[in-house]
Amino acid sequence: MMYKLIYILFAFYLSSVQSSRIKEVFNLKQIYFSPINVTKLKNDTKHEPTNVIPLALERWQNKLFLVTPRFKPDVPVTLSYINITNMESYKNNTPILIPYPNQKMHEISEHNFTSVVKVRADVCDRLWILDNGKINNKQESIPVIHVYDLKTDLHLRTFDLGHLSILNSDITNIELDVTSSTCEDAYAYIPDSKTYRLLVYSWKTNSSYAITHNFFHFDPLCGDINLGEIHYQSQKGLYGIALSPTARDGFRTIYFHSIASTMGFAVNSRIIRSGNYDSDRNVYDFKVMGNRGSNKQATSSSFDMETGVLFYGLLLKNVLGCWNSYSGEEYTELTQGVISLDNSVDMYPSDVRVDRTGNLWVLSNSFQIYSKKDYDQNLINVKIYMTPVRQVIKGSICDEM
């Protein structure tokens, strides 16, 4: 037991000090879209790169999707992709982002995209697009989920979340619960970090409902977000969601955390998908995993099915955290790995994704600066990293023991 503890402490030390394990594949100062017709945008707006910053990513085959929410006015395209068939061709060039599924869907009008905040591709080759309906922090339309067939780029369905959204909702994340054999029985989990609820959508019934729990709230002792130049108090709750592999009974473990918190929690998807959740009867079905440690507030998270590693972006540093769920170790500060991205100042991991081929993708940006003021276009404001998971965790505390 003593030798195992020494190994854990040594691995913890190594994971904290070693240089980056993950390769940078793109860096962006300004964002350029393929030619679009700006005359059809609201109020004859024109493309102002200063107002555009990618917040989330998703990889499907040769497409790397990037989300550029309309947090500020004059964002011409809110969902686009980079063709990554030959990534080396972008080595010394800024990639051009291609509007998805076409230019017309980004014109400000009914039934089109308003402000896409997250996209996720499922194993059934569908792209789920979460649109929170906000432009410049003003609710211009109701939040919706759009779903597209990735093989044909045809629209499959739009579901209105309006009946679940309330005045101060903050809907900016989505996670999918589906396998290749349950395409018609898929579920989407949508956290609301301001109203401390989990919205659940069923593809089969084309309906949704909301779940509440105390674990969805923020920790008042972890709400002080100090990024040097930017310092603020956060009350954001539930945000990060990641899913384990499906067990024999067809259900999964849902790992989740709040932004203003250093705690990790878990619940079985059977409880969430039952449709008759009772906040009194089911309260103890939610489990406390443990504490990641001081100053380890986390943002987006993703689970690697092969290695069992849970990855998450750390809000206060340009690093990732990780924990191996297959190791048998408890979820504590000593069993969390730290993976450095680089020494970029004022950049923090915004989105983390493990794709279906076992690659870890990370989008790091200067959103905290962007959200408070215009950022310096002479500096790199966005970096995208990609490396196979096994290479990222090799020799770290998150590696298989």
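The values are calculated or read from the model by the stated rules, or taken from the named source; none is laboratory data. Please read these numbers as outputs of a predicted model, since none were measured by experiment. All Cβ positions, even for glycine, are placed from backbone atoms using ideal geometry, and neighbour counts span all protein chains on display. SASA here: full protein model, heavy atoms, side chains in, ligands and nucleic acids out. Shrake-Rupley method; radii C 1.70, N 1.55, O 1.52, S 1.80 Å.
Some observations on this one:
- Trypsin sites (Lys or Arg not before Pro) lying in DSSP loop within segment 321-400, provided at most 14 other Cβ fall within 10 Å: R356, K372, K373, K394
- Sites listed here are GluC sites (Glu not before Pro) in segment 306-401 whose DSSP assignment is loop and whose Cβ has at most 13 other Cβ atoms within 10 Å: E306, E330, E400.
- Rolling a 1.4 Å probe over the protein heavy atoms leaves D278 with an accessible area of roughly 50 Å².
- Kirkwood-based Rg to Rh ratio, segment 243-401, C-alpha trace: 1.00
- Under 19 Å from the L154 label point (7 Å along Cα→beta-carbon), backbone N, segment 163-194: 183-184
- Taking Cα centre as origin and charging only the Cβ of basic (Lys, Arg, +1) and acidic (Asp, Glu, -1) residues, the dipole magnitude of segment 233-341 rounds to 220 debye.
- Note on surface exposure: K236, K138 rank K138, K236 by accessible area, highest first, 1.4 Å probe.
- Accessible area ranking (1.4 Å probe, heavy atoms, ligands and nucleic acids excluded), largest first, for L55, L64: L55, L64.
- Net lengthening on full extension, V123/S371 (0.36 nm per residue, minus Cα-Cα): 85.9 nm
- Computed over Cα pairs, the Kirkwood radius of segment 221-329 leads via Stokes-Einstein (0.890 mPa s, 25 °C) to a diffusion coefficient of 163 µm² per second.
- Additional length obtainable on full extension of the chain from T179 to Q235, 0.36 nm per residue less Cα span: 16.7 nm
- Probe 1.4 Å - accessible area at C124, Å² to nearest ten: 30 Å²
- Dimensionless Rg ratio for segment 321-401, taking C-alpha atoms and the 2.2 N^0.38 Å reference: 1.30
- Taking the square roots of 5 times each eigenvalue of the Cα gyration tensor of the chain, largest first, gives ellipsoid semi-axes of 31, 26, 21 Å.
- Kirkwood Rh in Å, taken over segment 110-220 so that all alpha-carbon pairs contribute: 14.5 Å
- With the simple spin-label model, which puts each label point 7 Å out from Cα in the Cβ direction, the N276 to L316 separation comes to 4.5 nm.
- Listed by chain and number, the aspartates and glutamates placed with their C-alpha closer than 12 angstrom to that of K194 are D170; residues fewer than eight positions away on the same chain are left out.
- Residues whose amide H lies under 5 Å from that of M289, counting only those 5 or more places away or on a different chain, are G264, F265, A266; hydrogens are built 1.01 Å from N in the peptide plane.
- Long pairs among K287/K394; K118/K296; K72/K118; K23/K317; K317/K394; K104/K134, criterion Cα-Cα beyond 26 Å: K287/K394
- Relative compactness, segment 43-142, computed as alpha-carbon Rg over 2.2 N^0.38 Å: 1.09
- Here N206 and N83 are evaluated by their C-beta separation; at R0 = 35 Å the FRET efficiency comes out at 0.60.
- To put it simply, the accessible area of the chain at a 1.4 Å probe is 51 percent carbon and sulfur.
- Take the chain with all the other protein chains still there, run a 1.4 Å probe, and you get 44 Å² of accessible area per residue.
- The charge dipole of the chain, taken about its Cα centre with unit charges on the Cβ atoms of Lys, Arg (+1), Asp and Glu (-1) only, comes to about 280 debye.
- Here the gap between H111 and R390, fully extended at 0.36 nm per residue and compared with their Cα-Cα distance, gives a gain of 96.2 nm.
- Cα pair count fraction exceeding 15 Å, expressed as % - segment 66-120: 51 percent
- The largest accessible area among K296, K287 belongs to the first residue in K287, K296, and the rest follow in falling order (1.4 Å probe, all chains).
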